[in-house]
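Following: one structure in structure tokens, then a few remarks.
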């Protein structure tokens with residue numbers, strides 16, 4: 001089972017890199033959908049089959065892999081913008097930064113005080129790497145939709161960490177957290193729509209009237 | 001009873017969505033506000049036992065809930081006339097979101113499980129985003145987007161911080177839980193490394209939501225573009241709820257023997273907030289943005305009070321009450337002035353006292369209250385915090401505290417006096433006049449602030465003292 005979960009986690013890290021390097025928004029959203037699907041498998045792989053893990057896996061699959069990507073795809077279809085052009089930081093530098101952050105996370109995790117079973121497992125480094133990759137995407141892109149994708153990846157990192165602590169998060173709370181995310185993305189989608197209608201762009205760089 | 005307080009605003013919110021009549025829909029707000037205040041008061045008179053796994057009120061959360069409920073009540077009365085003034089906007093979204101917002105704030109204060117607390121705070125972000133977007137123009141889109149993204153990311157950091165607390169329990173070999181009372185009971189076993197990291201993330205996360213500098217960048221925009229009534233609820237209610245979440249983290253740090261570390265961090269953010277607010281408040285050209293910086297200032301004062309500890313803790317909790325009521329009074333009266341001059345730029349507003357005798361006077365009195373002048377409540381609480389700073393021997397800090405408060409007083413004073421004095425420019429005239437329902441709520445809040453400055457009712461003092469005990473190092 002360890003091999004399977006490590007395989008999934010490695011794929012998750014690869015997807016982080018893919019989103020950092022691509023300029024096509026549709027591809028970016030698809031990648032995040034696949035990442036969500038992979039994450040939904042993790043509770044089953046890590047804790048075995050039980051009612052709790054089955055419901056959690058199903059709910060995560062529904063929200064992270066199906067509903068949120070559908071919402072985002074619909075949004076970019078409505079605003080008719082398909083590419084991230086001229087990001088704040090170029091694609092190659094962001095990829096390099098992403099590599100730096102990921103290797104940093106893997107090295108850092110070695111120094112963390114962990115319980116015996118988690119030593120050498122990929123869960124914690126992957127969680128940290130995914131978290132910071134999402135943050136990086138959020139900071140370096142201009143398009144509102146890519147920033148939302150960054151937020152999703154960041155939340156995915158937290159979700160991976162949360163799988164290790166499933167006793168702490170009762171199903172009700174976990175479900176509520178995912179539902180909050182779904183509604184949050186829904187509202188963000190509406191705002192993106194309004195941004196493109198008012199400014200005829202999705203670049204948040206245009207949102208600069210409010211400052212001191 | 002508590003569950004009822006969380007659920008009935010949700011039901012009313014659903015009703016608001018379905019009700020076809022624009023006219024009757026806004027009356028759901030005073031109904032909810034009154035029921036909520038009644039329910040909270042009855043709980044305050046006959047405290048329920050804490051110890052429920054999910055929901056419960058201890059003195060600290062009761063204090064926050066009581067303040068929020070009073071503020072919401074005042075805003076809900078104000079809302080009826082306000083929404084009729086702006087009937088072209090439609091009321092469906094705003095009324096429904098305001099009701100959901102009340103439910104989420106109640107849940108956040110009553111939650112005994114940190115995961116549930118997180119969920120509720122995130123729900124307040126989502127429910128308040130459409131409220132900030134109410135004016136539907138370019139500036140309000142920008143403000144909403146910043147608010148939504150910055151607060152969502154901030155809150156995500158807080159979630160990671162909570163998971164760190166759970167990992168601290170896992171490493172400590174005790175029950176892995178996020179149930180607050182259990183976590184508090186086993187706090188001496190928690191792994192300190194993870195606990196420290198968790199507190200930093202929680203402080204940054206909920207500090208973003210509360211608007212402590214340097215995490216406040218969304219605040220002037222959101223408060224500036226939202227209607228005055230929404231500004232009142234955010235600056236008075238939501239900030240107090242987020243502060244409660246930080247206090248929960250502090251309780252755990254205290255119990256684990258790391259209280260001093262946590263207090264130092266709070267103190268640092270508090271001083272920085274006060275400094276940033278003082279800098280940006282001087283020569284601020286937009287009255288609502290000025291109030292937003294005033295909110296950053298008062299969040300800083302709260303953090304300093306808790307950071308100092310001792311008698312200042314009492315001052316900080318009293319200040320939480322004063323700040324919520326004063327901010328409510330200020331934002332509601334500024335909302336009226338904004339309507340009457342159709343502008344919130346101070347270059348356009350002169351002679352508010354002549355055009356709006358009552359709102360203008362409330363605004364002026366509110367300015368004296370918010371800057372900590374006697375005989376209003378904030379004077380007492382700020383003075384108590386100052387006494388705490390001196391008692392702790394931090395003389396430099398006390399000097400800086402007084403200096404920054406003086407700068408704020410002068411900066412804000414020149415703006416406010418320019419607005420209320422003089423003769424109004426004829427070209428800015430609008431049909432807006434003070435009406436009873438638009439001035440009674442801010443007046444009520446002002447009178448409460450005045451009362452708290454002159455006399456602290458024994459039940460409230462008792463509640464504050466009980467809450468202080470919870471925050472002290474045992």
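Laboratory data are not the source of any read-out in this text; all were calculated from the coordinates shown. Here the structure is a predicted model, which is why all the values come from computation and not from measurement. Positions of Cβ are generated from backbone atoms using ideal geometry, with glycine treated the same way; all protein chains shown enter the neighbour counts.
Compared with the dominant Cα axis of chain B, that is its longest principal axis, helix B:2-18 is turned about 40°.
One decimal place: the segment residue B:285-residue B:192 gains 28.8 nm when fully extended, by the rule 0.36 nm per residue minus the C-alpha distance. What percent does the relative contact order of the range B:102-208 come to when contacts are Cα pairs within less than 8 Å and at least six residues apart? Relative contact order, the range B:102-208: 28 percent.
As a proxy for reagent exposure, B:87, B:333, B:187, B:242 were ordered by neighbouring Cβ count within 10 angstrom, fewest first; the result is B:87, B:187, B:242, B:333.
Pairwise Cα distances in the range B:289-379 exceed 17 Å for 52 percent of all pairs. What would the Debye equation give as log₁₀ I(q)/I(0) for the range A:29-113 at q = 0.11, 0.16, 0.18, 0.24 Å⁻¹, counting only Cα atoms as equal point scatterers? Once normalised to I(0) and log-transformed, intensities are -0.52, -0.91, -0.98, -1.03.
Note on the protein assembly as shown: Cα-only Rg and Dmax are 24.6, 79 Å. Taking every Cα-Cα distance in the range B:143-282 and sorting them into 5 Å bins starting at zero, the pair-distance distribution P(r) comes out as 2, 11, 18, 21, 17, 12, 9, 6, 3, 1, 0 percent.
Using only DSSP helix segments of four residues or longer, with each worth -39500 (n - 2.57), what per-residue ellipticity at 222 nm results for chain B after dividing by its residue count and rounding to 500? Only helices count here, giving -25500 deg cm²/dmol. Between helix B:436-454 and chain B there is an angle of about 50 degrees, using the helix long axis and the longest principal axis of the Cα atoms. Peptides B:98-108, B:153-163, B:455-465 ranked from most to least packed, by the mean per-residue count of other Cβ atoms within 10 Å: B:98-108, B:153-163, B:455-465.
Taking the inverse of the mean 1/r over every pair of distinct Cα atoms in chain B gives a Kirkwood hydrodynamic radius of 22.1 Å. When each of A:130, B:68 is scored by the number of other beta-carbon atoms lying within 10 Å, the sequence from fewest to most is B:68, A:130. Taking every alpha-carbon pair under 8 Å whose residues sit at least 6 apart, chain A reaches a relative contact order of 25 percent.
Spin-label model, residue A:23 to residue A:89: label points 7 Å out along the Cα-to-beta-carbon direction sit 1.9 nm apart. The tail of the calculated P(r) for the range A:123-206 beyond 14 Å holds 68 percent of all Cα-Cα pairs. The angle between the Cα long axis of helix B:458-471 and the main principal axis of chain B comes to about 50°, on a 0 to 90 degree scale. For a distance above 15 Å, tell me the whole-number percent of Cα pairs in the range B:345-392 that qualify. I get 59 percent for the Cα pairs in the range B:345-392 exceeding 15 Å.
Rounded to the nearest 0.05, what FRET efficiency do residue B:87 and residue A:58 have when you use their Cβ-Cβ distance and R0 = 45 Å? For residue B:87 and residue A:58, the calculated efficiency is 0.50. The modelled label-to-label distance between residue B:34 and residue B:450, using points 7 Å beyond Cα along the C-beta direction, is 2.5 nm. Could you tell me the calculated FRET efficiency between residue B:46 and residue A:167, based on Cβ-Cβ distance and R0 = 35 angstrom, to the nearest 0.05? The calculated FRET efficiency here is 0.50. Ranked for footprinting exposure by Cβ neighbours inside 10 Å, fewest first, B:92, A:24 give A:24, B:92.
By definition, a body whose alpha carbon gyration tensor gives a ≥ b ≥ c is oblate when a/c is 1.5 or more and a/b is not larger than b/c, and the range A:1-40 fits this oblate description. For chain B, the relative contact order comes to 16 percent (Cα pairs under 8 Å, sequence separation of at least 6).
Here the calculated FRET efficiency for residue B:264 and residue A:116, from their Cβ-Cβ distance with R0 = 30 Å, stands at 0.35, rounded to the nearest 0.05. For the range A:2-200, the alpha-carbon coordinates run over 53, 36, 22 Å along the three principal axes, in decreasing order. Here the range B:235-276 is scanned for amide nitrogen atoms under 16 Å from the site 7 Å beyond the Cα of residue B:184 along Cα-to-Cβ, giving B:244-259. Extension gain for residue B:396 to residue B:3 (0.36 nm times residue separation, less C-alpha to C-alpha distance): 136.8 nm. Counting Cβ atoms of other protein chains within 10 Å of each residue's Cβ and taking the mean over peptide A:184-194 gives 5. Every helix of 4 or more DSSP H residues in chain A counts as -39500 (n - 2.57), and over all residues that averages to -24500 deg cm²/dmol at 222 nm. Cα centroid distance between the range A:1-36 and the range A:159-212, in Å? Spelled out, the Cα-based centre of one part sits 19 Å from the other.
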